[in-house]
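Notes to accompany the following structure.
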Amino acid sequence: MTISIITATYNSAETVRDTLTSVARQDHPSIEHIIIDGVSKDGTLDIVKDFPHVARIVCEKDRGIYDAMNKGLKVATGDVVGILNSDDFYNNDQVLSRVMAAFEDPAIDVVYGDLQYVRKNDVYVVTRHWKSGRYKRKYFYYGWMPPHPTFFVRRRIYEQVGVFNTDLRSAADYEMMLRILVRHDAKAGYIPEVLVKMRAGGMSNASLKNRLRANREDRMAWALNDLKPFFFTTWLKPVRKIFQFITR
């Protein structure tokens, strides 16, 4: 089976080489790496062109990262699709082969794992450990979600449920996972190991204002799927992150 990896880039020259290298070194034999670039001006595309494993480059203006991801979904041809951001990288060379081994079970629609946050300028220092744990549908109601960069989906599932909702600025990935796992009851498999390392940052946690906006979008994600969370569901979601610092 082929796996398509979508990477959205925009002025990503500082970090994208690590991303590209981590995909190029994967030992899975059939990988389609798709780069969706928002017309970078810092040499990002020059770096991308140094990596012959890249199957396709789409370079055009977009309306943000989720619009870029949607463009990637439209051109992906693999049996399974993963999304790797341009400042993230796979933890080791066997990540994709282990993911695809999990998909050998025809009952599995989604595979996910654990994630570590690392320092932006020193990726050997782990600042936070996101241990996902095994999935149960009820966990979403208690603020649970898997880390999106570790979230791999059969392409036919995306064809059934649709693309990312670009009206959401920070919660489109949460809404997509809620749509796939809770609304459509997809069957998930968990790999209990770190699959992806992510440089620390993120707009939803950058300030109290952004956190409040993210909470509103999280509630919108439930409403868009005609689902009713508990009154505390979207407040538990950021609280869960505290334990990721304690247990790293």
- Query: Which one of 230, 51, 103 has the biggest mean-square fluctuation once the chain is modelled by GNM with Cα springs under 10 Å?
  - Reply: 230
- Task: Could you tally up the Lys pairs in segment 20-177 with alpha carbons closer than 26 Å? Skip any pair fewer than 8 positions apart unless they're on separate chains.
- Result: 12
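Calculated from DSSP H runs of 4 or more alone, at -39500 (n - 2.57) each and per residue, what is the 222 nm mean residue ellipticity of the chain, nearest 500? Please list the in-between numbers first.
On the way: 8 runs with 78 residues, N = 248.
After summing the helix terms and dividing by the residues of the chain, the value is -9000 deg cm²/dmol.
Could you work out the Rg to Rh ratio of the chain, with Rh taken as the Kirkwood radius (inverse of the mean 1/r over all Cα pairs)? Present the calculation step by step, with values, prior to reporting the outcome.
Details: Rg = 17.1 Å, Rh = 18.3 Å.
Over the Cα atoms of the chain, Rg/Rh equals 0.93.
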- Mind grabbing the base-10 log of I(q)/I(0) for segment 147-227 at q = 0.17 Å⁻¹? Debye formula, identical points on the C-alpha positions, no solvent, two decimal places. -0.79
- Query: In whole Å, how far is the Cα centre of segment 48-97 from that of segment 121-200?
  - Reply: 16
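If R₀ is 41 angstrom, what is the calculated FRET efficiency for the pair residue 243 and residue 21, using the beta carbon separation as r and rounding to 0.05?
Working: r = 31 Å, r/R0 = 0.76.
Computed FRET efficiency for residue 243 and residue 21 comes out at 0.85.
Fewest Cβ neighbours within 10 Å first, please rank 88, 226, 27 accordingly.
226, 27, 88
Taking neighbour Cβ counts within 10 Å as the exposure measure, how do 227, 45 sort from fewest upward?
Working: 227 15, 45 19.
Lowest to highest Cβ neighbour count: 227, 45.
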- Query: Cα axis of helix 208-224 to longest principal axis of the chain: angle in degrees, 0 to 90, nearest 10?
  - Reply: 80
- Task: May I ask for the Kirkwood hydrodynamic radius of segment 48-121, worked out over all distinct Cα pairs and given in angstroms to one decimal?
- Result: 14.9
- Note on the structure: From fewest to most C-beta neighbours within 10 Å, the residues 159, 14 line up as 159, 14
- Task: Run the numbers on segment 75-162 and let me know its relative contact order in percent, using alpha-carbon pairs under 8 Å that are six or more apart.
- Result: 41
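Bear in mind these aren't lab numbers, they're just calculated from the coordinates by the rules spelled out. Keep in mind it's a predicted model, so treat the numbers as computed, not measured. Cβ sites come from the backbone with ideal geometry, for glycine too, and all protein chains shown count toward neighbours.
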